[in-house]
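Throughout, read-outs are computed from the coordinates displayed, never taken from laboratory work. Treat the numbers as computed from the prediction; the structure is a model and nothing was measured. Positions of Cβ are backbone-derived with ideal geometry, glycine not excepted, and every protein chain shown enters the neighbour counts.
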Amino acid sequence: MTYKNAHAARVENGVVREVIVIPYLDDDDAKITAYCNKIGLPGTWVDTSYTGSRRGKYAGVGDKFNMTREGGEFVSPEIETVEQDTMIIDDKEQPVKRRRRK
């Protein structure tokens, strides 16, 4: 199958900062970084598969990029639920639970 587009994730200090669509560059991180830098997007860019077939999952902003496996792996941060506000629902004050990354 011939691919025309691919996805690249910009990784800074081990954290995904953005994900973009680029031309397919043979899943080669060096080529991907060179291409992104050439079009004015500085930083380190790595391939991420939209189907999740490479590196464990499709990269999302805020995911960690761990080099624990060959070629690296994207890992979602842990989420915790906290109660921090209240709102009026049916004339009663109710706690509002929110989710945030640890």
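Only helical DSSP H runs with n ≥ 4 go in: add -39500 (n - 2.57) per run for the chain, normalise by residue count and round the 222 nm mean residue ellipticity to 500 deg cm²/dmol.
Here the helix-only value at 222 nm equals -3000 deg cm²/dmol.
Starting from the 7 Å offset along Cα-to-Cβ, what nm value, one decimal, do you get for the label separation of I39 and D27?
2.1
With angles folded into 0 to 90 degrees, how steeply does helix 29-38 sit against the dominant principal axis of the chain? Use alpha carbons for both and round to 10.
So the inclination is approximately 80 degrees.
Roughly how many debye, to the nearest 20, is the charge dipole of region 5-76 about its Cα centre, given +1 on each Lys and Arg Cβ, -1 on each Asp and Glu Cβ, and no other charges?
Approximately 140 debye in magnitude.
Quick one: which residues, 5+ away or cross-chain, put their amide H under 5 Å from the amide H of I22? H built at 1.01 Å from N.
Amide H neighbours of I22, under 5 Å, 5+ apart: A6, H7, A8.
Assuming a strict under-23 Å limit between Cα atoms, what lysine pair count do you get for the chain once near-sequence pairs (fewer than 8 apart, same chain) are dropped?
Counting lysine pairs in the chain gives 7.
Which shape class applies to region 1-68: rounded if a/c is under 1.5, otherwise prolate when a/b exceeds b/c and oblate if not, where a ≥ b ≥ c are the square roots of the Cα gyration tensor eigenvalues?
It comes out oblate by the Cα gyration axes.
Provide the packing ranking of 54-60, 18-24, 88-94, 67-73, i.e. peptides ordered by the mean count of other C-beta atoms within 10 Å per residue, highest first.
54-60, 18-24, 67-73, 88-94
Could you give the length gained on full extension between E12 and T86, defined as 0.36 nm per residue of separation minus the Cα-Cα distance, in nm?
Between E12 and T86, full extension yields an extra 23.0 nm.
With θ set to phi - 60°, apply the Karplus curve 6.51 cos²θ - 1.76 cosθ + 1.60 along region 59-76 and write out the HN-Hα couplings as whole Hz, x wherever there is a Gly or Pro.
Each residue of region 59-76 in turn: 5, x, 4, x, 5, 8, 10, 9, 9, 6, 9, 4, x, x, 8, 8, 10, 6 Hz.
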